[in-house]
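Student: Dropping the structure in here first, questions after.
The values are calculated or read from the model by the stated rules, or taken from the named source; none is laboratory data. Being a predicted model, the structure only gives us computed values, none of them experimental. Every residue, glycine among them, receives a Cβ derived from its backbone with ideal geometry; neighbour counts consider all protein chains shown. Only protein heavy atoms, including side chains, enter the accessible area calculation; ligands, DNA and RNA are left aside. Shrake-Rupley method; radii C 1.70, N 1.55, O 1.52, S 1.80 Å.
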Amino acid sequence: MLITKGVKGAQDVLPCAVHKNQFIESSMLDIAKKFGYTEIRVPVFEHTELFQRGVGGTTDIVQKEMYTFNDKGGRSVTLRPEGTAGAVRAFLEHGLFNEPLPQKLCYIISCYRYEKPQAGRLREFHQFGAECLGTDSPAADAEVISLVCAVFDFLDVQNLDLQINSIGCPECRKTYHAALLAYFDVKKDGLCPTCLDRLGRNPMRLLDCKSPVCSEIAKDAPVILDYICGECAEHFGGVKRYLDAMGIEYNINPKIVRGLDYYTRTVFEFISGEIGAQDAVCAGGRYDGLAQELGGQRTPSLGFALGLERLLLLMDAQKTPFPEPDRCDIYIAPVGDEASLAAARIVNDLRLSGVAAQFDLAGRSVKAQMKYADKLGAVYTAVLGDSELEKGVLPVKNMDSGDVTEIKLEDFAEDFMDMSVRSSADMFKELLNTVDIDINTILGGALS
Ligand code: ATP
Ligand code: MG
């Protein structure tokens, strides 16, 4: 085993790319906050039974994919394969159901599933998720979906197909399961081994088998929407009315069933045609029975999870622009030991004032330092040697314009900040001149 090679299916995010993750993650949390969702942080592992009960014994996740081990105390724990079970566990454990409902929670987490790694499918991956706990109003379903839409809209992600369905309640599903079993039973010789195995346990899963043979067999299978009870149909109608009211476009896809046992009524996926076979960027739905299943009171709820790696794949495919990573504001290149000490003091003062400042830590030549400053994208650079120390003045060069400004060493941090603010204002004015816009026009006449 090569110890400098990471575990299969787990990814590193390198410094050159991390600004993308930081941007999407902070955008997601900001947008969720506007929708009234507060972050919850729960442990990366839970008692194995939580997922067995919460995600469900008939699911692929529990049957095949969990990272489960006994800790040194002999207790079986599992690295979370998803976020909902842990969030609902915390909601029940800490009595959040006594707070005003619905409780709106969100999170960005790592998840672990032992799956076959491929594009868009990892063993460690990340999700942005949100849960709206304690309401059965269809308005909540539409709000949760609209939160996902707002995130895609803000990030400028295009061409996602929102597909929705209702899988009814356990009552209407009984008749539906019977109809599905009857339909597939006569055709079972053609099914793949996985579907054959699922037939007895979770016949709805046969509808989303990716094998072309099974999809062909499932083509004319009974449709859940023909079987759901009056109340579930009314609820689904409500969800559609709210989505229409919000101007959110969707397609109804009766084949969407979701893999997790806890789902009831509304289920949805955001599908992309641009990232290959693992095409669900976001998936979610209602889980009205989960809290009760975990030993709490009935708490109708819903949520979603959006896979960050799949989102990044899609944004790369669409060449979505990201804000540039922050540049280094100023690089100071000292020459000699005394200059190095002076540079250390100045850089420290600058940093305490909020400026991104750097200086040489490697004893490099001025030429090598300038190359390094260029790599950092430093906006300003300055070479600090004996003569600058003697005069008490440091010439600072703006690397974009080439302008040089002399700044006194004594109050360097303060004077540097004044100078750079002035110079940015000048640049802004110049920019306005070139496009011939009056500042008052931009401010809507606020200055007059
Ligand atoms: P799929 O079968 O399409 O991988 P799923 O039904 O197992 O998805 P969920 O449990 O609903 O997925 O997870 C929600 C989202 O998390 C998915 O839409 C996807 O974006 C992401 N996701 C799930 N599993 C993985 C994985 N192994 N690697 C990367 N992302 C994943
Ligand atoms: Mg899966």
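Student: Students often get this wrong: which residues of region 170-209 have the backbone nitrogen under 16 Å from the point 7 angstrom along Cα-to-C-beta of Ala233?
Tutor: The answer is 171-176.
Student: Same structure again: Can you compute the charge dipole magnitude of the chain about its Cα centre, using +1 on each Lys and Arg Cβ and -1 on each Asp and Glu Cβ, nothing else charged? Give it in debye, rounded to the nearest 20.
Tutor: Charge dipole, the chain, about its Cα centre: 2060 debye, nearest 20.
Student: Let me ask another. Exactly which GluC sites (Glu not before Pro) in region 222-259 are in a DSSP loop and have at most 15 other Cβ atoms within 10 Å?
Tutor: Glu249
Student: Right, next: Report Rg(Cα)/(2.2 N^0.38 Å) for region 322-407, keeping two decimals.
Tutor: 1.04
Student: Taking the Kirkwood radius as the inverse of the mean 1/r across Cα pairs, report the Rg/Rh of region 241-370.
Tutor: Answer for region 241-370: 1.31.
Student: What does the accessible area per residue of the chain come to in Å², with a 1.4 Å probe and no ligands, DNA or RNA counted?
Tutor: Heavy-atom accessible area per residue stands at 52 Å².
Student: Counting each pair of different Cα atoms once, what's the Kirkwood radius of region 37-88 in Å, rounded to one decimal?
Tutor: 11.5 Å
Student: Running a GNM on the chain with Cα contacts under 10 Å, which residue among Pro203, Pro254, Pro43 ends up with the highest mean-square fluctuation?
Tutor: Judging by the Gaussian network model, the answer is Pro43.
Student: Same structure, new question: Ignoring solvent entirely, what values of log10 I(q)/I(0) come out of the Debye formula for region 314-362 at 0.18, 0.25 Å⁻¹ when each Cα is a single scatterer?
Tutor: Results for region 314-362 at q = 0.18, 0.25 Å⁻¹ read -0.60, -0.89.
Student: Under the rule of -39500 (n - 2.57) per DSSP H run of 4 or more residues, summed and divided by the residues of the chain, what mean residue ellipticity at 222 nm is obtained, to the nearest 500 deg cm²/dmol?
Tutor: -12000 deg cm²/dmol
Student: For Arg241 and Lys72, what does the FRET efficiency come to when R0 = 45 Å and r is the distance between their Cβ atoms, rounded to the nearest 0.05?
Tutor: Using R0 = 45 Å, I get an efficiency of 0.25.
Student: Now for a different question. If every alpha-carbon in region 11-56 counts as one equal scatterer, what log10 I(q)/I(0) does Debye give at q = 0.29 1/Å?
Tutor: -0.94
Student: Could you check the spin-label model distance between Lys210 and Ser27? Points 7 Å from the Cα along Cα→Cβ, value in nm.
Tutor: Modelled inter-label distance: 2.6 nm.
Student: Here is a follow-up. Size of the chain along its principal axes in angstrom, Cα-based, largest extent first?
Tutor: So the three principal-axis extents are 92, 65, 47 Å.
Student: Among 293-303, 366-376, how do they line up from the highest to the lowest mean number of other beta-carbon atoms within 10 Å?
Tutor: 293-303, 366-376
Student: With a 1.4 Å probe and all protein chains left in place, how much of the accessible area of the chain comes from carbon and sulfur atoms, in whole percent?
Tutor: 53 percent
Student: List the aspartates and glutamates whose Cα lies under 14 Å from the Cα of Lys255, skipping any in the same chain that are fewer than 8 positions away.
Tutor: Qualifying aspartates and glutamates at Cα under 14 Å: Asp208, Glu216, Asp220, Asp226, Glu269.
Student: Just to be sure I understand the rule: take each whole DSSP H helix in the chain, project its Cα atoms onto its long axis, keep it if the span is 18 Å or more and its mean Kyte-Doolittle hydropathy is at least 0.5. Which ones pass?
Tutor: Span-like helices in the chain: 138-155.
Student: Identify all lysines with a Cα-Cα distance to Lys371 below 17 Å; exclude those on the same chain that are fewer than 8 residues away in sequence.
Tutor: Here the lysines satisfying the reach criterion relative to Lys371 are Lys397.
Student: How much of the DSSP beta bridge set in the chain is antiparallel, as a percent to the nearest 5?
Tutor: Antiparallel: roughly 80 percent of the beta bridges in the chain.
Student: Right, next: Could you tell me the calculated FRET efficiency between Val366 and Asp153, based on Cβ-Cβ distance and R0 = 60 angstrom, to the nearest 0.05?
Tutor: 0.80
Student: I would also like to ask the following. Sorted from largest down, give the three principal axis spans of the alpha carbons of region 294-448, whole angstrom values.
Tutor: 76, 51, 35
Student: Using C-alpha positions alone, give me the convex hull volume of region 170-234 per residue in cubic angstrom.
Tutor: Per residue, the Cα convex hull of region 170-234 comes to 78 Å³.
Student: Further, regarding this structure: If you wrap region 1-140's Cα atoms in a convex hull and average its projection over all directions, what's the area in nm²?
Tutor: Directional mean of the projected Cα hull area for region 1-140 stands at 11.4 nm².
Student: Taking 7 Å along the Cα-to-C-beta vector as the label spot, tell me the Glu430-Lys319 distance in nanometres, rounded to one decimal.
Tutor: Between Glu430 and Lys319, the simple spin-label model gives 2.9 nm.
Student: Another question about this same structure. What would the Debye formula give as log10 I(q)/I(0) at q = 0.10, 0.14, 0.18, 0.22 Å⁻¹ for the alpha-carbon point model of region 145-266, no solvent?
Tutor: -0.36, -0.67, -0.97, -1.23
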